[in-house]
Amino acid sequence: MSQEEGEVSVFRVGLLGHGTVGAAFATLLPVQADRIQRITGLRPELSGVLTRSRGSFEEILEHSDLIVELIGGIDPARDYLLRAMRAGKHIVTANKQLLAHHGEELWDEARVQGVQLRFEGAVAGVVPVIRVLQESLAGATIDRVRGIVNGTTNFILTEMARTGATFEVALAEAQRLGYAEADPSDDVGGRDAAAKMAIIARLAFGTPVHIDQVAYEGIEQIQPDDLEYARDLGLGLKLIGTAERVGATAMSVRVYPAFLYPGHPLASINGPFNAVTVESEAITEITMSGPGAGGPQTASAVLGDVISAMIPPASTPPATETLEIVHDVVSSFYLHLEVADEPGVLASVAQILALQDVSVKSVVQKGMRDQARLVMVVHPVLESRFEAAMELIAGLDIMRAPPRAIRVLEEEFG
């Protein structure tokens, strides 16, 4: 930190990346500088900006107290952050993919070097889930974290439910409004949410989680009639990330489309908003929600991390647990079957479900002839048993198309 006239201490911030979020951060920092000075006693100033066409990392590193990394991707971001920490610089990043791949290495390096590594902007936009897990709930044993952590998919599913649009039409609208990238595959395929859930699971359960250990599905196969029939059953559809304890020695981390009943705290989260629900015996549950995408929103979360880093200390503690990550867990399901319009169809399906101990909670029959449908919700069952039933049902002569299934969250909180 440098000293200026009038005994004002300047806190020098080097910025890597000047895209949507980086540009918003560069605009926000000087606007909030006076307020930050009143809070911390230090005045933050940009010491340099690195882009593909301008700036020198070495010069920025030399003249900075803290590095903000907003270039994204794995390389060269990983190299820059390791070099910065080894030079004694604090780090703020919004790079979820980097943390989901190399988080343990980076957190270890931060502890060794005695610097801060903060990353609130990497998960759920302005929803402060990282700070809550690391600080507010540090004394609680977390049982489950569930979240809508991708604003793009939440907007698309909201549009499909609201207008009856196809996935392709709703995606195009999301791109037109700036909620989806030109290449939206990481968002709609579930990988973006999987990276965020890997980070959340690591913090909630103290066990190292790599993105490759997170099972994930996207929303590309969702059809408008799934949403139409679900309304008849009182359900709404979201892309859900779940990290939860399974017994005493294991945990499950996964991302999947799921139907929710109206009483679930995530059911009312619509449009490009994110929300995270944390469950613990000590607190029952708390839900946090807010904008999940956009330059100004993420820049605000990044600036919050910068302010926190100006008031040390804080660090991500080393992993202390060795929970096994499992994938065969108990779930409820919505099941959509396009069937022949003939006697005995429901009985044939029910017989297969019974053989696999799958119990039906509710069923709706729709249409006639080549539009005949069976739509049902089944009670919680081990996923492997339900998948076995699906394979058997798919082989029936009465089926006109492969069966479709979507998980259903049974929890409702009063």
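Values for this structure:
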quantity: Distance from region 335-414 to region 160-213 (C-alpha centre basis), Å; calculated: 27
quantity: Residue-by-residue Karplus 3J(HN,Hα) for region 118-133, coefficients 6.51, -1.76, 1.60, Hz, glycine and proline x; calculated: 10, 8, 4, x, 7, 9, 6, x, 8, 6, x, 5, 5, 5, 5, 5
quantity: Area of ARG12 that stays accessible when all protein chains are in place (1.4 Å probe, Å², to 10); calculated: 60
quantity: Å² per residue, accessible surface of the chain at 1.4 Å; calculated: 42
quantity: Anchor LYS89: aspartates and glutamates whose Cα lies under 13 Å away (excluding residues fewer than 8 positions away in-chain); calculated: GLU58, GLU62, ASP65, GLU69, GLU109
quantity: Dipole magnitude of region 80-232 about its Cα centre (Cβ charges: Lys, Arg +1; Asp, Glu -1), debye to nearest 20; calculated: 940
quantity: Contact order relative to length of region 5-148, as percent, for alpha carbon pairs under 8 angstrom and 6 or more apart; calculated: 19
quantity: Check: region 1-149 dipole with +1 on Lys, Arg Cβ and -1 on Asp, Glu Cβ, in debye; calculated: 460
quantity: Average projection area in nm² (convex hull over Cα atoms of region 323-414, one quarter of hull surface); calculated: 7.3
quantity: Hits among lysines - C-alpha to C-alpha of LYS96 under 23 Å, sequence gap 8 or more where chains match; calculated: LYS196, LYS238
quantity: In Å, descending, principal axis extents of the Cα set of region 283-364; calculated: 71, 36, 23
quantity: Expected-Rg normalisation [2.2 N^0.38 Å, Cα atoms] applied to the chain; calculated: 1.10
quantity: All aspartates and glutamates inside 12 Å of LYS361 as judged from Cα atoms, apart from same-chain residues fewer than 8 positions distant; calculated: GLU410
quantity: Per-residue ³J(HN,Hα) for region 297-306, Karplus 6.51 cos²θ - 1.76 cosθ + 1.60, θ = phi - 60°, Hz, x for Gly and Pro; calculated: 5, 5, 4, 5, 5, 5, 5, x, 5, 4
quantity: The chain - charge dipole about Cα centre, Lys and Arg +1 at Cβ, Asp and Glu -1, debye rounded to 20; calculated: 560
quantity: Projected-area mean, region 13-148, by convex hull of Cα positions, square nanometres; calculated: 9.3
quantity: Note, ³J(HN,Hα) from phi for region 365-374, Karplus 6.51, -1.76, 1.60, rounded to Hz, x at Gly and Pro; calculated: 9, 10, x, 9, 6, 7, 10, 5, 9, 10
quantity: The chain, accessible surface, carbon-and-sulfur percent (1.4 angstrom probe); calculated: 49
quantity: Furthest towards positive pole of dipole, VAL129, HIS327, PRO403, structure part the chain, Cβ charges; calculated: VAL129
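The values are calculated or read from the model by the stated rules, or taken from the named source; none is laboratory data. It should be emphasised that the depicted structure is a prediction, and the values quoted were computed from it without experimental measurement. Heads up, the Cβs are rebuilt from the backbone with ideal geometry, glycines too, and the neighbour counts pull from every protein chain shown. With ligands, DNA and RNA removed, areas are computed over all heavy atoms of the protein, side chains included. Shrake-Rupley method; radii C 1.70, N 1.55, O 1.52, S 1.80 Å.
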